[in-house]
1. Run Ser344 past the list (1) outside the structural domain of Thr235 (by TED's automatic domain parsing); (2) under 28 Å from the mean Cα position of the chain (by Cα); (3) polar (S, T, N, Q) and report the number of the one that doesn't hold.
2. When the residues of the range 76-131 are filtered to those that are basic (Lys, Arg) and out of contact with any Gly (no Cβ under 7 Å at 6 or more places or on another chain), which remaining residue is surrounded by the fewest Cβ atoms within 10 Å (Cβ to Cβ)?
3. Could you check Asp142 against (1) of a type outside the set (Gly, Ala, Ser); (2) under 25 Å from Gly470 (Cβ atoms); (3) in contact with a His (Cβ under 7 Å, 6 or more places away or on another chain) and say which number it fails?
4. Quick check, is Arg138 assigned to a loop (DSSP other than H, G, I, E, B), modelled with pLDDT of 95 or more and within 26 Å of Asn441 (Cβ to Cβ)?
5. If you go through the range 29-73 one residue at a time, how many are among the hydrophobic types (A, V, I, L, M, F, W, C) and in contact with a Gly (Cβ under 6 Å, 6 or more places away or on another chain)?
6. Starting from the range 587-603, keep only residues that are closer than 17 Å to Pro169 by Cα and modelled with pLDDT under 95, then list their pairs with residues that are β-branched (Val, Ile, Thr) and crowded, with 22+ Cβ neighbours inside 10 Å whose Cβ atoms are within a distance under 7 Å, requiring at least 6 positions of separation or different chains.
7. What single numbered condition from (1) touching a strand residue (DSSP E or B) at 6+ places or on another chain (Cβ under 7 Å); (2) of a type outside the set (Ser, Thr, Tyr); (3) more than 18 Å from Met316 (Cβ to Cβ) fails to hold for Gly432?
8. Please indicate, with yes or no, whether at least one residue in the range 322-342 is over 30 Å from Asp415 (Cα atoms), outside any loop (DSSP other than H, G, I, E, B) and of a type in the set (A, V, I, L, M, F, W, C).
Amino acid sequence: MEDWIPLSDGTRLWMKAWRPVTDEPVPAILEYLPYRHGDWTAPRDHERHPYYAGHGYASVRVDIRGHGSSDGVPGDEYDEQELRDGVEVIDWLAVQEWCSGKVGMFGISWGGFNSLQLAHLRPEALKAIVTVCSTDDRYDNDVHYMGGSMLGVDMHAWAATMLTFESRPPDIRVREDWKEQWRHRLDRMEPFVQTWMGHQTRDDYWRHGSVCEDYDRLDAAVLAVGGWYDPYRDTVLRLCENLSARGKNVKGLIGPWAHQYPDRDLRPGPHIDFLGETRRWFDYWLKDEDNDVMEEPLLRAWITDSVRPASVYEQMPGRWVAETEWPSPHVPGRRFGLEDAHVSPLAAADDGVVLVDSPMDTGKDAGRYFPYGNAADLPADQRDDDGRSVIFDFPLTEDLEILGNGELNLRVSTDSARGQVYARLCDVAPDGSSTMVTRGNLNLSARNGRDRADAFPAGGWEDVSFPMTGVGYRFPAGHVLRLALSNAYWPWIWPQPGTAPVSVDLAGSSFTLPQREAVAAGSERRRLDEALRFDPPVQPEGLDVRYPGAGTAGAQRPERLASHDVAAGTSVLEVDPAYGGTRVYPDGLHYDEDTVERYVIRRDDPLSARAEATWRVGLARPDQGWSTSLVTEQTITCDAENFYAESSVECRVDDEEFWSRTWHHTIPREAS
């Protein structure tokens with residue numbers, strides 16, 4: 001069933017609903033996205049929504065205002081208009097004759113975000129949500145900033161992606177007025193990048209939509225899900241901690257997954273019957289079925305066994321563990337003092353101070369900020385980046401199992417008023433291979449809070465602390481636990497002007513890891529761990545999409561290609577995000593897509609940083625004589641005072657120019 005949802009201001013949102021064959025009213029489940037149900041998410045939608053309909057739900061997919069076939073103009077991500085519209089959609093669903101009056105929401109990434117945000121607004125009908133790979137903190141746990149530093153990689157890449165998404169035309173199959181609607185959108189849209197870069201500290205702009213501002217408002221039952229290879233995994237831990245402390249209904253699940261649903265056949269596995277898990281959740285909260293879903297442990301998490309470094313894994317070794325409380329009394333902190341480490345370079349100063357002075361291209365083996373399961377997504381062997389960092393090695397004589405967030409406490413000094421410190425925790429095997437386990441970052445101007453930018457007292461000493469992202473991992477005896485510190489990490493972190501070496505006082509510095517205590521045989525904890533089992537994934541029949549990609553632009557391009565001009569000292573990282581390329585949908589839509597990102601920097605010059613992205617998209621329906629295309633380009637550069645963002649869009653109909661525009665923005669550097 002496809003139809004319009006009317007809003008109070010006259011705007012109509014396009015929806016597609018899958019409904020069970022019954023005359024009885026049933027609960028509704030909503031997924032609410034800008035990614036266009038008619039093309040980009042159609043294969044994923046076909047896996048999920050019919051499943052829910054087959055189990056007694058009206059499963060509804062809605063394109064947000066200004067996207068896909070819906071009316072209106074695209075707004076900023078998660079803006080007030082999007083959330084007001086979402087409340088109206090929930091209210092509308094609840095009063096349909098085919099709805100029982102109870103509504104749930106689910107979604108991954110954007111859909112997971114606005115599930116949380118709409119639950120925060122407390123629409124009466126919304127009783128339960130499943131939020132996957134999402135965040136409760138839009139500033140410090142999203143694609144824009146990390147530890148108070150601007151992300152070079154996804155601040156740029158995601159802004160370029162969204163510029164492309166909001167520039168695509170409505171589908172002629174749905175809208176006869178597609179051309180007028182398309183021009184109406186294009187004339188009024190603005191690139192996101194200048195807005196995001198214009199808010200460099202955690203101000204009211206980022207507080208909006210960050211449910212961590214007031215966890216008390218989350219009354220809907222929350223199933224929070226993440227993967228250890230997804231950047232949003234800390235949200236699951238925070239929701240478990242803060243909602244359970246307030247007596248809210250919450251459960252957390254973190255597995256060995258990337259930025260994907262845990263049942264999809266995308267690396268790494270093992271995968272689980274996630275559709276079944278979510279159905280049990282909704283059955284309990286929307287149908288009042290007396291199942292055991294709320295008897296599950298508060299947090300179910302995967303502990304990964306030690307693995308050799310690789311950019312992709314088919315299956316992760318490890319096991320599931322259970323925690324009935326979070327933070328858990330069975331996961332105490334274990335301190336590692338840097339003065340007790342084997343330090344390299346070995347020429348540490350006699351006074352117990354080491355100097356961190358990394359080349360600007362440190363970080364080329366970081367992997368993708370958003371791993372999706374592609375061949376080059378995950379961090380490669382860290383030995384090259386280790387060699388550009390100061391490393392602190394701790395040989396292990398017994399197994400060390402960690403679960404949760406580590407914390408770094410450093411006593412530092414620098415001769416600049418600006419700077420940043422990046423930390424990586426690695427598992428070093430006896431052969432010297434170095435596997436990334438977790439990491440963290442601090443912009444020194446954010447040391448007193450992410451909502452402020454305090455100049456560092458040049459030449460003075462300061463005690464700073466910052467978290468490392470959560471992880472579940474087992475370091476085996478005989479391996480080395482390695483902490484690597486650098487003052488550059490490109491392209492993840494945009495370098496600061498006037499970057500100077502950072503001195504670290506070993507005696508005043510340490511890090512703490514969340515060591516999970518050994519589980520005694522026969523104990524209740526052992527019983528809970530051993531009882532954790534998941535059924536194998538249900539794999540619904542996929543949408544019959546053809547991918548005639550051979551020979552098209554980008555089909556043979558490496559996903560990640562790093563090069564270095566020795567004479568110029570310039571490093572270049574070229575990335576193909578491999579979102580799907582050319583595909584032909586069963587309804588006759590031809591969708592072509594090619595994307596290239598480039599990140600350029602000189603090893604000795606933080607002001608040489610440059611990020612570029614080019615997208616080429618075509619949408620056509622040959623049977624209707626409809627052919628459209630667009631090219632978007634975005635570049636970010638900088639000097640000591642400003643960032644410079646240039647964005648352009650060119651749209652064509654039947655290979656003739658339809659619309660074009662270029663934006664130039666200068667954004668003062670305030671904290672980044």
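The values are calculated or read from the model by the stated rules, or taken from the named source; none is laboratory data. Please read all numbers here as calculations on a predicted model, not as lab measurements. All Cβ positions, glycine included, derive from the backbone under ideal geometry; neighbour counts span all protein chains shown.
1. Failing condition for Ser344: (2).
2. In this case the residue turns out to be Arg122.
3. Tallying (1) of a type outside the set (Gly, Ala, Ser); (2) under 25 Å from Gly470 (Cβ atoms); (3) in contact with a His (Cβ under 7 Å, 6 or more places away or on another chain), Asp142 fails exactly one: (3).
4. Working: assigned to a loop (DSSP other than H, G, I, E, B): yes; modelled with pLDDT of 95 or more: yes; within 26 Å of Asn441 (Cβ to Cβ): yes.
When the stated conditions are applied, Arg138 passes them.
5. Residues of the range 29-73 that are among the hydrophobic types (A, V, I, L, M, F, W, C), as a first pass: 29-30, 33, 40, 42, 53, 58, 60, 62, 64, 73.
From the residues that got through so far, the ones that are in contact with a Gly (Cβ under 6 Å, 6 or more places away or on another chain) too are 29, 33, 73.
Within the range 29-73, residues that are among the hydrophobic types (A, V, I, L, M, F, W, C) and in contact with a Gly (Cβ under 6 Å, 6 or more places away or on another chain) number 3.
6. As it stands, the answer is none, since no pair meets every condition given.
7. The failed condition is (1).
8. Taking the range 322-342 first, the residues over 30 Å from Asp415 (Cα atoms) are 322-334.
Cutting the leftovers down to outside any loop (DSSP other than H, G, I, E, B) gives us 322-323, 333-334.
With the extra rule that they be of a type in the set (A, V, I, L, M, F, W, C), the set shrinks to 322.
The answer is yes, given that some residue of the range 322-342 is over 30 Å from Asp415 (Cα atoms), outside any loop (DSSP other than H, G, I, E, B) and of a type in the set (A, V, I, L, M, F, W, C).
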